[in-house]
Amino acid sequence: MNAQYKSEKLLIDLDEAAHQLARCMNCPNEPEKAVRALKSVFGVIRNRFTFEESLEFVGLLPLPLKAIYVDGWRVGESAPVQLHSLEELIDDIVANQSFEENWYNSNRDELRKTIKAIFQMIGSHVTEADMETNVYYLPLEIQHYLRSATVETRDSYSDTSIWLS
């Protein structure tokens, strides 16, 4: 397999991941919105996690989401402040968004639903054992979103290779 084909395959996989999340967010024709949402959520949690927590979290992610998580990561840039609640995550996302980046239309309920969709999608690819041992640093509401991924959701992604890590 040549390098160009591998690069094209990776791009397709990232594109498919964006489309899958867009469907979970009820905006199936807006995969760019899903990517903006992921970047926003990941940017905030990355700044709130310690380096070790970030490594544990990125280890749980499917390969295409790992790339989005580490994009723009400046390790050790500031001392993290532990994330205690879903509301803190929402407040940080709102505080860090410019008008042009406002993918959630200034609607906190839409933002909350999007965060739930993101973590449920991630949860659909995380084993029960990993959830029990590797998400202790997440606020309880977010742990609940990860754990609430249904069997149907887990099965809907199992036939695709994009989640290999």
The residue that is nearest to Ala34 (Cα to Cα), considering only those in the range 122-139 that are without any contact (Cβ under 8 Å) to a residue 24 or more places away in the chain and of a type in the set (A, V, I, L, M), is Met131
Any chance Ala149 is modelled with pLDDT under 85 and assigned to a loop (DSSP other than H, G, I, E, B): yes
What are the residues in the range 127-144 that are surrounded by fewer than 21 Cβ atoms within 10 Å (Cβ to Cβ), touching a helix residue (DSSP H, G or I) at 6+ places or on another chain (Cβ under 7 Å) and either at pLDDT below 80 or part of a helix (DSSP H, G or I) (or both), if any? Asp130, Met131, Asn134, Glu141
Only listed residue being under 20 Å from Gly123 (Cα atoms) and modelled with pLDDT under 85, chosen from Glu53, Glu16: Glu16
Is there a residue in the range 103-122 that is modelled with pLDDT under 70, of a type outside the set (D, E, K, R), under 21 Å from Val44 (Cβ atoms) and touching a helix residue (DSSP H, G or I) at 6+ places or on another chain (Cβ under 7 Å)? yes
Out of all the residues in the range 29-38, is one or more assigned to a loop (DSSP other than H, G, I, E, B), free of Cβ contacts under 8 Å to residues at least 40 places away in the same chain and surrounded by fewer than 19 Cβ atoms within 10 Å (Cβ to Cβ)? yes
Go through the range 53-90 and give me each residue that's among the small types (Gly, Ala, Ser) and farther than 23 Å from His144 by Cα. Ala67, Gly72, Gly76, Ser78, Ala79
Picking from Leu89, Leu11, Leu65, which residue would you name as being at pLDDT below 90 and within 14 Å of the chain's Cα centre (by Cα)? Leu65
Among the residues of the range 39-60, how many are over 23 Å from Asn96 (Cα atoms) and either crowded, with 20+ Cβ neighbours inside 10 Å or touching a residue at least 40 places away in the same chain (Cβ under 8 Å) (or both)? 3
Run down Val58, Val94 and say which single residue is assigned to a helix (DSSP H, G or I) and at pLDDT 90 or above. Val58
Hey, can you tell me all the residues within the range 103-132 that are within 15 Å of the chain's Cα centre (by Cα) and of a type in the set (D, E, K, R)? Arg112, Lys113, Lys116
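The values are calculated or read from the model by the stated rules, or taken from the named source; none is laboratory data. Predicted, not measured: the structure shown is a model, and the values here were computed from it. With ideal geometry, Cβ positions are generated from the backbone for all residues, glycine too; neighbour counts draw on all protein chains shown.
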